[in-house]
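Notes for the one structure printed next.
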Amino acid sequence: MIRVQDLTVAYGAVKALVDVTFEARTSAITAVLGANGAGKTTLLRTISGLKSPVAGSITHDGAELTLMKTEDIARMGIAHVPEGRGVIGEFTVEENLRLGALTAKVDAKQSLASQYERFPILGERRRQHADQLSGGERQILSMARALIANPAVLLLDEPSLGLAPLITAQIMATIKELCASENLTVILVEQNASSALRIADHAVVLNVGHVVANDVASVVAEDEKLRQYYLGMVR
Amino acid sequence: MNRQRSPRGLSAAGIVIAVAVLSLLVTPSVRDGVALAILMMLTVTSALILLPSELRRARPVLTRAATSTMVVSVTLVATFFFSSTTDFNLATGAAMAVTLVGLSFLTGVSGQVSIGNGAFMGVGAFTMAIWSNHHATTPIAVTLLLSVVAGALVGFLLGLPATRLRGPYLAGMTLAFAVAFPAILTYFNSWTGGDGGLQLPNAANPPHWLNALFVHGTSSLTSSTLWLTDITIVAAGVAFFFMANLFSSRVGRAMRLVRDNEVAAELVGVNLNRTRVLAFVISSAYAALGGALWTFLNNSVTPATYSFALSIVILSVIVIGGIGTIPGALIGGLVYAYSTNVINWITNQTGLNPQGNFASQLNGIIFGGLLIVTMMLAPRGVAGVYYTLRRQRASKRGDVASPPKETYAEA
Amino acid sequence: MDVFLTSRIASDVLGGLTNGVIYGLVALSLVLVWRSTGILNFAQGAMPMLATYVGMVTFGHYFGYWICVVIAVLVGFLIGAGTERVLVRPLYGKPEINPVVVMVGFLTVLEAVAAAIWSSTPRSLTTPFSPIDFHLSGKPFALSAFSLYQIITAVVVMVAVAVLFRFTNLGLQLRASALAPEVSRLLGVRVNRMLTLGWTLSTGVGTITAILVASNFFTGLTPQVMDGIFAFGFIAAAVGGLDSPVGSIVAGIVMGIILQFVGDYVNSNAIILVALAILIVSLMARPNGVFSPVKTRRV
Ligand SMILES: Nc1ncnc2c1ncn2[C@@H]1O[C@H](COP(=O)(O)OP(=O)(O)OP(=O)(O)O)[C@@H](O)[C@H]1O
Ligand SMILES: [Mg+2]
């Protein structure tokens with residue numbers, strides 16, 4: 001479980017997050033929604049230790065994360081699939097996966113095999129350079145690379161970005177499935193509110209750094225005002 | 001405006017009086033003409049410096065001309081009083097400062113760095129010597145110019161790849177050139193005189209028009225080498241004047257834009273390649289002038305002077321003085337001129353055996369160490385520290401009109 | 001065959017190969033640092049030079065050649081790691097010229113310190129290999145036990161580096177840290193450690209190179225011994241591509257052979273002139289290196 005308490009983050013004088021507080025429970029998907037520039041990416045980067053906060057705390061099962069180094073946070077089992085996917089184009093698919101498996105306590109060969117089983121497309125392309133993959137394939141690779149180390153927490157930054165609706169639906173389904181089968185704590189950052197809300201258990205809506213809603217996903221999904229003003233969803 | 005004017009007026013008046021007194025002291029022993037000419041120069045200069053600040057801003061070129069003339073004339077007067085050793089040191093430093101201001105320009109304005117400027121100095125130095133040996137009658141100014149052209153040409157050749165390269169590559173290439181330079185001299189040894197180098201044919205023979213000023217004077221103050229010193233200083237003054245203008249010219253601004261933001265520079269129509277090569281050519285040309293002046297001053301040139309070590313010393317003193325600034329080059333020149341004295345002094349004070357290994361390496365340890373320390377703590381050197389302090393003081397006084405960031409890269 | 005092996009052409013090729021592997025090694029060590037930290041290390045010759053003095057001269061009083069080689073390489077590792085930690089770490093993210101200037105300063109200090117401690121007089125290291133050319137049917141050809149030692153060592157080092165980078169998890173992390181430091185951090189790679197390791201390895205490779213150079217009977221060890229070699233190594237790296245380990249090694253070897261012909265058929269002072277010309281021409285034609293694929297840098 002991830003707890004974010006009174007988190008304030010700034011770039012110089014500009015505050016990107018102000019007093020953000022919420023919880024992401026285990027075996028549940030917490031969607032973080034909001035318009036461009038709302039601070040969603042900043043939130044995930046702060047959880048991962050890529051950005052240090054001005055104030056507030058972030059804990060994972062009670063352990064304080066804010067003063068830890070990114071590497072150590074990752075090694076605690078908090079996997080972050082960054083915006084734009086972050087696959088290393090010069091590496092082959094398999095090299096990307098091997099890199100993800102480095103910190104795992106499991107056998108690398110076995111976990112590679114299990115990812116190929118889960119995502120057969122990656123097995124077919126294992127010797128190809130990652131920059132030859134399609135956008136959806138890259139997203140899958142990026143998720144597989146995060147999952148290979150058996151993380152406890154999965155931070156996803158806009159997995160649907162640039163993907164066709166069908167692929168988006170597939171990816172969302174996979175996320176839902178994984179969350180249940182692996183007891184993951186998922187924080188899902190999305191622009192695409194409707195697809196995210198369809199699978200999320202809980203939703204947090206950000207507007208220019210402030211939390212404007214923090215509730216059960218279905219409640220957020222039904223709230224006309226939220227839909228209209230912050231989520232850009234018109235019926 | 002008047003309030004602003006009076007302290008400057010006072011100091012200018014003070015300078016004029018001081019120079020007048022000095023000149024009177026000199027008159028019995030030196031041709032009256034010299035003193036008189038200097039006095040006139042100073043008067044003109046002071047008048048220019050007295051210009052109200054709006055005019056100074058409106059006529060920057062004139063102001064720079066005035067400043068250069070002022071500094072040069074004061075130095076010229078001083079050379080009459082100094083010992084010939086001091087004169088020689090000053091002139092050596094002045095020629096070095098010319099090289100340094102070229103490098104300062106390259107780095108400060110275009111963001112590139114060269115580690116080969118010792119070799120470019122060598123190009124100028126040897127051009128000067130070779131040409132003088134073949135055409136002894138060419139006027140000094142023309143030979144100096146030819147050396148500058150030679151430096152610019154070699155700079156152009158080596159600078160061509162600069163159109164394609166980012167900083168460290170260029171630095172590496174100039175380093176390769178500096179390391180190669182002694183072998184290049186040997187390769188052309190039928191011209192360069194091999195290890196022994198070359199003598200100038202008309203040593204200690206000032207041109208006729210100068211004879212009237214210096215050599216026929218009967219004073220003990222005039223030595224036969226004074227004219228060498230003074231011509232070097234005048235040449236350095238002219239070079240600095242041009243450079244000061246270049247720093248704030250349209251070309252200079254274009255180069256700074258290329259350094260800071262290539263995309264923006266291209267958008268406003270700056271030709272990136274031409275600008276980069278030009279910066280490199282100018283820097284090489286200045287180095288060549290510095291080298292040519294050294295040859296002139298010493299009446300000879302030896303290949304050993306232009307080793308790789310010289311290039312490193314050049315980099316050291318400009319970094320210490322303040323790379324990217326004009327005053328930094330002057331400070332660097334002085335540091336260079338007196339470094340030997342200072343190092344000898346340290347050797348004596350610490351009781352090192354002057355013939356020992358350690359004493360002979362003190363130079364490298366100190367220069368290299370200062371290079372590292374300066375870059376780590378004050379990357380803009382002495383000049384940068386001064387500008388920072390001045391800005392802090394200005395902002396403490398609440399002086400909003402104080403120069404904004406980066407203007408200190410200008411004269 | 002014998003006639004060919006003892007011919008002038010064959011001897012130039014063999015001599016060139018012997019020099020070329022050295023340029024290739026220097027180039028490789030430059031590439032290791034450039035790829036991991038984006039810094040062109042101008043002290044890449046001087047740091048190994050110091051390690052060689054410590055290992056081969058200071059410890060040379062007590063131990064034999066091979067033990068000293070091991071000590072020197074270990075000292076090289078230490079110098080590389082220490083330099084990255086102390087001198088280089090504050091330079092990341094600074095303008096390009098800052099690391100250039102600092103490393104040139106470091107080069108100066110190292111050479112001066114070495115000369116202060118050990119003097120500038122060349123020292124010849126006693127090697128177990130003879131520098132005298134082999135003979136074939138009574139005629140010498142340009143290969144000695146020493147040059148074989150040099151070539152074999154260089155090839156072993158190159159292969160070892162290639163294996164490390166291609167086939168090990170450590171190599172994977174080293175490459176990842178260089179290509180995508182942030183992503184690597186997110187995957188738990190200790191990127192700072194990898195940067196230090198890059199410098200450590202590079203100085204280790206450099207030290208082996210310096211030992212080979214200094215063990216050469218005709219060169220000996222001086223504080224400046226690596227200056228010229230550094231210049232050739234840099235040229236090779238720039239020609240082959242500072243991003244490309246294979247390219248820079250190949251460029252080093254090819255250059256060694258070409259320059260041997262120049263030295264033999266033209267004049268030994270023309271060597272560096274030709275090397276500079278090669279550099280200029282190839283940079284004009286292929287700025288990212290002859291062997292790197294033509295592609296625009298992604299920003
Ligand atoms: N590196 C940075 N430097 C300065 N400001 C930044 C930086 N990164 C983000 N910001 C600012 O912080 C705010 C939040 O940005 P953030 O990237 O977290 O938004 P986001 O919700 O992820 O937006 P998007 O949906 O477009 O990805 C924005 O106003 C942005 O301009
Ligand atoms: Mg974002």
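The values are calculated or read from the model by the stated rules, or taken from the named source; none is laboratory data. None of the values given here were measured: they were computed from a predicted structure. Backbone-built Cβ (ideal geometry, glycine too); neighbour counts: all protein chains shown. With ligands, DNA and RNA removed, areas are computed over all heavy atoms of the protein, side chains included. Shrake-Rupley method; radii C 1.70, N 1.55, O 1.52, S 1.80 Å.
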From the list A:203, A:193, A:149, A:169, which one is away from ligand 1 (no atom under 15 Å from the Cβ), touching a strand residue (DSSP E or B) at 6+ places or on another chain (Cβ under 8 Å) and of a type outside the set (Ser, Thr, Tyr)? A:149
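Please go through segment A:144-158 and pick out each residue that is farther than 7 Å from residue A:78 by Cα and assigned to a loop (DSSP other than H, G, I, E, B). Break it down into steps so the answer makes sense when it comes.
Our first condition is that a residue be farther than 7 Å from residue A:78 by Cα; within segment A:144-158, this holds for A:144-150, A:155-158.
Residues satisfying the conditions are A:148, A:149, A:150, A:158.
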Going through A:203, A:169 one at a time, which residue ends up being at pLDDT 90 or above, more than 16 Å from ligand 2 (Cβ to nearest atom) and either of a type in the set (A, V, I, L, M) or touching a helix residue (DSSP H, G or I) at 6+ places or on another chain (Cβ under 7 Å) (or both)? A:203
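Quick check on this structure: which one of B:93, B:102, B:116 is within 14 Å of another protein chain (Cβ to nearest Cβ) and under 29 Å from residue B:182 (Cβ atoms)? Spell out how you get there, then give the answer.
Working: B:93 fails: within 14 Å of another protein chain (Cβ to nearest Cβ); B:102 fails: within 14 Å of another protein chain (Cβ to nearest Cβ).
Sole residue among the options that is within 14 Å of another protein chain (Cβ to nearest Cβ) and under 29 Å from residue B:182 (Cβ atoms): B:116.
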Take the residues of segment A:23-56 that are at positive phi and open to solvent by less than 60 Å² (accessible area, probe 1.4 Å): which is farthest from ligand 1 (Cβ to nearest atom)? A:27
Going by what's in this entry, would residue B:152 be described as away from chain C (no Cβ under 14 Å), part of a helix (DSSP H, G or I) and open to solvent by less than 10 Å² (accessible area, probe 1.4 Å)? no
For residue C:182, the lone unmet condition from (1) touching a residue at least 12 places away in the same chain (Cβ under 8 Å); (2) within 14 Å of chain A (Cβ to nearest Cβ); (3) assigned to a helix (DSSP H, G or I) is (1)
One residue is enough: does segment A:118-138 have a residue meeting the conditions touching a residue at least 24 places away in the same chain (Cβ under 8 Å), closer than 30 Å to residue A:23 by Cβ and within 16 Å of ligand 1 (Cβ to nearest atom)? no
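From the list A:86, A:37, exactly one residue is within 16 Å of ligand 2 (Cβ to nearest atom), within 11 Å of chain C (Cβ to nearest Cβ), at pLDDT below 90 and in contact with a strand residue (DSSP E or B) (Cβ under 9 Å, 6 or more places away or on another chain). Which is it?
None of the other options fit; the residue is A:86.
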Sole miss for residue A:5 among (1) within 16 Å of ligand 2 (Cβ to nearest atom); (2) surrounded by fewer than 23 Cβ atoms within 10 Å (Cβ to Cβ) is condition (1)
Output the number of residues of segment A:178-235 satisfying the condition of being farther than 22 Å from residue A:37 by Cα and in contact with a Phe, Trp or Tyr (Cβ under 8 Å, 6 or more places away or on another chain). 0
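So if I check each of C:175, C:166, C:190, which one is within 8 Å of chain A (Cβ to nearest Cβ), open to solvent by 30 Å² or more (accessible area, probe 1.4 Å) and among the basic types (Lys, Arg)? Explain how you work it out, then say what you get.
On the way: C:175 fails: open to solvent by 30 Å² or more (accessible area, probe 1.4 Å); C:166 fails: within 8 Å of chain A (Cβ to nearest Cβ).
Unique residue meeting the criteria: C:190.
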List the residue pairs whose Cβ atoms are under 9 Å apart, where the first residue sits in segment A:157-183 and is within 14 Å of chain C (Cβ to nearest Cβ), the second is open to solvent by 70 Å² or more (accessible area, probe 1.4 Å) and within 16 Å of ligand 1 (Cβ to nearest atom), and the two are 6 or more positions apart or on different chains. A:157/A:83
Kindly provide the set of residues from segment C:74-95 that are buried (at least 18 other Cβ atoms within 10 Å of the Cβ) and within 8 Å of chain B (Cβ to nearest Cβ), ordered by number. C:87
Quick one: in segment A:12-22, which of the residues that are in contact (Cβ under 8 Å) with a residue 24 or more places away in the chain, open to solvent by 20 Å² or more (accessible area, probe 1.4 Å) and not β-branched (Val, Ile, Thr) is farthest from ligand 2 (Cβ to nearest atom)? A:19
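Looking at C:75, C:102, which one is over 27 Å from residue C:125 (Cα atoms) and in a helix (DSSP H, G or I)? Break it down stepwise before answering.
On the way: C:75 fails: over 27 Å from residue C:125 (Cα atoms).
Of the residues listed, the single one that is over 27 Å from residue C:125 (Cα atoms) and in a helix (DSSP H, G or I) is C:102.
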In segment A:133-153, is there at least one residue being over 20 Å from the mean Cα position of the chain (by Cα) and among the hydrophobic types (A, V, I, L, M, F, W, C)? yes
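Among the residues of segment A:180-188, are any closer than 25 Å to residue A:119 by Cα and within 16 Å of ligand 2 (Cβ to nearest atom)? Please lay out each step first, then the result.
Quick first cut of segment A:180-188, residues closer than 25 Å to residue A:119 by Cα only: A:180-188.
Add one more test, that the residue is within 16 Å of ligand 2 (Cβ to nearest atom), and what stays is A:187-188.
Yes, that holds for at least one residue.
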Of the criteria (1) away from every other protein chain (no Cβ under 11 Å); (2) touching a Phe, Trp or Tyr at 6+ places or on another chain (Cβ under 7 Å); (3) without any contact (Cβ under 8 Å) to a residue 40 or more places away in the chain; (4) small (Gly, Ala, Ser), which one residue C:124 fails: (3)
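Within segment A:140-166, can you find the residues that are within 16 Å of ligand 2 (Cβ to nearest atom) and either within 14 Å of residue A:108 (Cα to Cα) or open to solvent by less than 10 Å² (accessible area, probe 1.4 Å) (or both)? Walk me through it before giving the result.
Let us first name the residues in segment A:140-166 that are within 16 Å of ligand 2 (Cβ to nearest atom), namely A:142, A:155-163.
Answer for segment A:140-166, where residues must be within 16 Å of ligand 2 (Cβ to nearest atom) and either within 14 Å of residue A:108 (Cα to Cα) or open to solvent by less than 10 Å² (accessible area, probe 1.4 Å) (or both): A:142, A:155, A:156, A:157, A:159.
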Residue check: is residue C:171 under 22 Å from residue C:88 (Cβ atoms) and of a type in the set (Gly, Ala, Ser)? yes
Residue selected from segment A:44-80 under the condition in contact with a strand residue (DSSP E or B) (Cβ under 6 Å, 6 or more places away or on another chain) and touching a residue at least 60 places away in the same chain (Cβ under 8 Å), by the criterion farthest from ligand 2 (Cβ to nearest atom): A:60
Residue among A:216, A:186 that is more than 26 Å from residue C:186 (Cα to Cα) and away from ligand 1 (no atom under 16 Å from the Cβ): A:216
Given the condition part of a helix (DSSP H, G or I), under 19 Å from residue C:115 (Cα atoms) and either open to solvent by 70 Å² or more (accessible area, probe 1.4 Å) or away from chain C (no Cβ under 12 Å) (or both), answer yes or no: does some residue in segment B:312-333 qualify? no
Only one residue in B:305, B:340 is among the hydroxyl-bearing types (Ser, Thr, Tyr), open to solvent by 60 Å² or more (accessible area, probe 1.4 Å) and under 19 Å from the mean Cα position of the chain (by Cα). Which one? B:340
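Of the residues in segment B:245-255, how many are open to solvent by 10 Å² or more (accessible area, probe 1.4 Å) and either of a type in the set (Asp, Glu) or in contact (Cβ under 8 Å) with a residue 40 or more places away in the chain (or both)?
Start the filter on segment B:245-255 by keeping residues that are open to solvent by 10 Å² or more (accessible area, probe 1.4 Å), which leaves B:245-246, B:248-251, B:253-254.
From the residues that got through so far, the ones that are either of a type in the set (Asp, Glu) or in contact (Cβ under 8 Å) with a residue 40 or more places away in the chain (or both) too are B:245-246, B:248.
The number of residues fulfilling the criteria is 3.
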Before we move on, is residue A:17 within 16 Å of ligand 1 (Cβ to nearest atom) and either within 30 Å of residue A:127 (Cβ to Cβ) or in contact with a strand residue (DSSP E or B) (Cβ under 8 Å, 6 or more places away or on another chain) (or both)? yes
